[in-house]
Amino acid sequence: MLTERERALIKRWNDFTNRPRGDVRKFRDDLENFCVELGLNANLSPEGAFHEKVELRVGLHADVAVPVGSGPYPVAVFIHGGGWMAGSLGTHRKLGMQFAEQGYLTINVDYRLAPESSFPAGFDDCVFAARWAAENAQRWGGDGARMVMGGDSAGANLAAAALVALANDPHAPRFRAAALIYGVYDFPSLIDRAPNPAPAEAMARAYLGPQYPSALKDPRVSPLRGIKAGVMPPSFVICGTADLLLPESRSIVAALRETNTPYESHEIEEMPHAFMMIDELSGCREGHRLMFDFLRRRV
């Protein structure tokens, strides 16, 4: 049973996300400001060290958080959400850094955003970041053989797509787990099932740019279409029952089951999209407990 405070927080979040977005640059600023207003990055836990905007290659940076204590640490590559067009290291700093709180050397990736950098720019950045993490984690005491890759919303899509691509490269690093938080995993299905497909089509068009609609079924865009036996690592999948993307999580769970991929799936009652960012929600705290328990067993 949600408290009145929780219902009020969910209403504020839904009111914000459901209003017309208009200009993408204004939406980015509005999201940054709203995250501050709602206190989503308040009460950050201390890290052992925090390295801001580390250059991975020209034009690609990441925040690196070192856990408290002695290594070697498992490594988390975290990909933030924001509809492929918004979100940042700032909006998702706390969600990313909560991996560091749990003992992971955390690489929070600042990938390129659409529409200025349409597909495959952001995807390519995430694949590069995964390779970079395996090769460079030891600089901060990380163990490149014990890695998890995850993200929320668009970040879950990019993480899953990157893992599918890496699995098809015999020379790529191998991840021990995936953390997939209310993502989009198959764009054509998302558009087809929507009562009003216009918002999903607009998002896909902005992300894919000139490759819309030809790339909709590309596994780099719709990673569900690239899942086969042995491709995905053990995967944690979570979504709220009040999230319109719940069918997406159910679809990827079905694909994991059909390919005999170890997985754990949770649907958190009454939770909306983005609930894993809102610490005041009981569902957020429960989701984090479940996720880190799964990763502790797998990584």
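The values are calculated or read from the model by the stated rules, or taken from the named source; none is laboratory data. Please read these numbers as outputs of a predicted model, since none were measured by experiment. Every residue, glycine as well, gets a Cβ built from its backbone with ideal geometry; the counts of neighbours run over all protein chains shown. Calculation scope for accessible area: heavy atoms of the full protein, side chains included, ligands and nucleic acids excluded. Shrake-Rupley method; radii C 1.70, N 1.55, O 1.52, S 1.80 Å.
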**OP:** Of all residues in segment 4-34, count the ones that are touching a residue at least 60 places away in the same chain (Cβ under 8 Å) and out of contact with any Leu (no Cβ under 6 Å at 6 or more places or on another chain).
**Re:** 9
**OP:** Sort out which residues of segment 108-124 are of a type outside the set (Asp, Glu) and either buried (at least 23 other Cβ atoms within 10 Å of the Cβ) or in contact (Cβ under 8 Å) with a residue 12 or more places away in the chain (or both), and write them in order of number.
**Re:** ASN108, VAL109, TYR111, ARG112, LEU113, ALA114, PRO115, SER118, PHE119, PRO120, GLY122, PHE123
Original post:
Considering only segment 208-225, how many residues are open to solvent by 10 Å² or more (accessible area, probe 1.4 Å) and either in contact with a Phe, Trp or Tyr (Cβ under 7 Å, 6 or more places away or on another chain) or within 26 Å of HIS266 (Cα to Cα) (or both)?
Top reply: 7
**OP:** Kindly indicate whether GLN138 is farther than 27 Å from PHE34 by Cβ and among the polar types (S, T, N, Q).
**Re:** yes
Subject >> Identity of the residue in segment 61-72, assigned to a strand (DSSP E or B) and crowded, with 24+ Cβ neighbours inside 10 Å, that ends up nearest to the chain's Cα centre (by Cα) >> reply: ALA62
**OP:** Select, from HIS273, HIS288, the only residue that is open to solvent by 10 Å² or more (accessible area, probe 1.4 Å), in contact (Cβ under 8 Å) with a residue 60 or more places away in the chain and out of contact with any Ser or Thr (no Cβ under 9 Å at 6 or more places or on another chain).
**Re:** HIS288
Subject >> Among residues of segment 247-266, those that are surrounded by fewer than 16 Cβ atoms within 10 Å (Cβ to Cβ) and either over 15 Å from SER189 (Cβ atoms) or of a type in the set (A, V, I, L, M, F, W, C) (or both), counted >> reply: 6
